[in-house]
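Trainee: Take a look at the following structure, please.
The values are calculated or read from the model by the stated rules, or taken from the named source; none is laboratory data. Quick caveat, the model's predicted, so the values are computed rather than measured. Heads up, the Cβs are rebuilt from the backbone with ideal geometry, glycines too, and the neighbour counts pull from every protein chain shown. These accessible areas exclude ligands, DNA and RNA; they are computed on the full protein's heavy atoms, side chains included. Shrake-Rupley method; radii C 1.70, N 1.55, O 1.52, S 1.80 Å.
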Amino acid sequence: MATRSNFKIPKIPEMTIRRLSVYARCLIQLEEDGVKTISSQELAERFNLNSAQVRKDLAHFGEFGVRGIGYYVSGLKAELQRILGLDREWQVALVGFGNLGSALFNYKGFGKAGFKISAIFDDDPKKIGRTIDEVPVLSLADLGREAKARNLQIGIIAVPAEFAQAVMETLVASGIKAILNFAPARLKVHKDVRVKHVDLSIELETLSFYLAQGIR
């Protein structure tokens with residue numbers, strides 16, 4: 001497979017990055033099924049994708065196909081995982097250990113993708129000092145020290161909306177520049193910090209819209 005592994009990547013549309021995750025998952029499934037090579041058209045047909053979009057998205061990162069063969073499934077999967085940063089383990093700080101935080105901690109998908117919640121932070125004295133599946137529940141006041149000691153690189157916010165901005169500021173002050181926010185609040189974001197918002201209510205409201213409109 002011909003690639004340009006050291007090639008400088010220009011600014012990539014976020015939807016392209018999202019689709020790369022989908023392609024990587026599709027390739028994992030193909031590899032598990034014993035498929036060795038596949039064309040963009042076959043990939044599109046099998047997973048209800050758009051073959052032209054697949055080729056366009058991959059072209060941002062190099063030439064991965066081989067004329068007359070298509071893509072080597074294992075090789076392309078490995079390249080996409082490298083591009084997405086999934087060829088390593090990321091240390092994650094979970095802030096907030098209420099119902100939502102507990103559910104996120106117990107979600108196995110994070111670990112399978114290489115995201116390890118290695119520290120939980122809360123300000124409830126009844127929770128601080130506990131250990132959940134060998135992961136400590138620590139005081140939010142200690143986040144700065146622990147972030148450096150544990151090499152925490154990603155933060156997950158799972159606190160009530162009114163506390164989310166303060167938690168984000170604490171994460172940023174601790175050197176964490178990638179944050180996944182589950183609190184139903186829009187945050188004032190620092191320019192050198194990447195924040196992704198997951199508002200479950202908005203997702204449900206989107207579904208209710210389609211139901212109300214007869215799913216047209």
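Trainee: Filter the stretch 59-107 down to residues that are aromatic (Phe, Trp, Tyr), crowded, with 21+ Cβ neighbours inside 10 Å and more than 30 Å from Val137 (Cβ to Cβ), then give me how many there are.
Mentor: Matching residues across the stretch 59-107 total 1.
Every residue, every condition in (1) out of contact with any Phe, Trp or Tyr (no Cβ under 6 Å at 6 or more places or on another chain); (2) at pLDDT below 95; (3) over 18 Å from Phe110 (Cβ atoms), yes or no:
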| residue | (1), (2), (3) |
| --- | --- |
| Pro136 | yes, no, no |
| Ser139 | yes, no, yes |
| Ala149 | yes, no, yes |
| Phe163 | yes, no, yes |
| Arg186 | yes, yes, yes |
| Asp192 | yes, yes, yes |
| Asp199 | yes, yes, yes |
| Leu204 | yes, yes, yes |
| Leu211 | yes, yes, yes |
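Trainee: Same structure, new question: Take Leu200 and tell me if it is of a type outside the set (Lys, Arg), in contact (Cβ under 8 Å) with a residue 12 or more places away in the chain, farther than 25 Å from Gly144 by Cβ and open to solvent by 80 Å² or more (accessible area, probe 1.4 Å).
Mentor: So Leu200 passes the test.
Trainee: Of the conditions (1) without any contact (Cβ under 8 Å) to a residue 24 or more places away in the chain; (2) surrounded by fewer than 17 Cβ atoms within 10 Å (Cβ to Cβ); (3) within 19 Å of Val92 (Cβ to Cβ), Asp192 satisfies every one except a single condition; which number is it?
Mentor: (3) is the only condition that Asp192 fails.
Trainee: State which residue is most open to solvent (accessible area, probe 1.4 Å) when the search covers only the stretch 112-124 and only residues that are at negative phi and in contact with an Asp or Glu (Cβ under 9 Å, 6 or more places away or on another chain).
Mentor: Result: Lys116.
Trainee: Inside the stretch 125-216, counting only helices (runs of 4 or more DSSP H) that do not spill past its ends, which hold 1 or more residues that are of a type in the set (S, T, N, Q) and out of contact with any His (no Cβ under 7 Å at 6 or more places or on another chain)?
Mentor: 161-173, 200-212
Trainee: Exactly one condition in (1) farther than 16 Å from Gln91 by Cα; (2) open to solvent by 20 Å² or more (accessible area, probe 1.4 Å); (3) of a type in the set (Gly, Ala, Ser) is false for Ser174; which is it?
Mentor: Answer for Ser174: the failing condition is (1).
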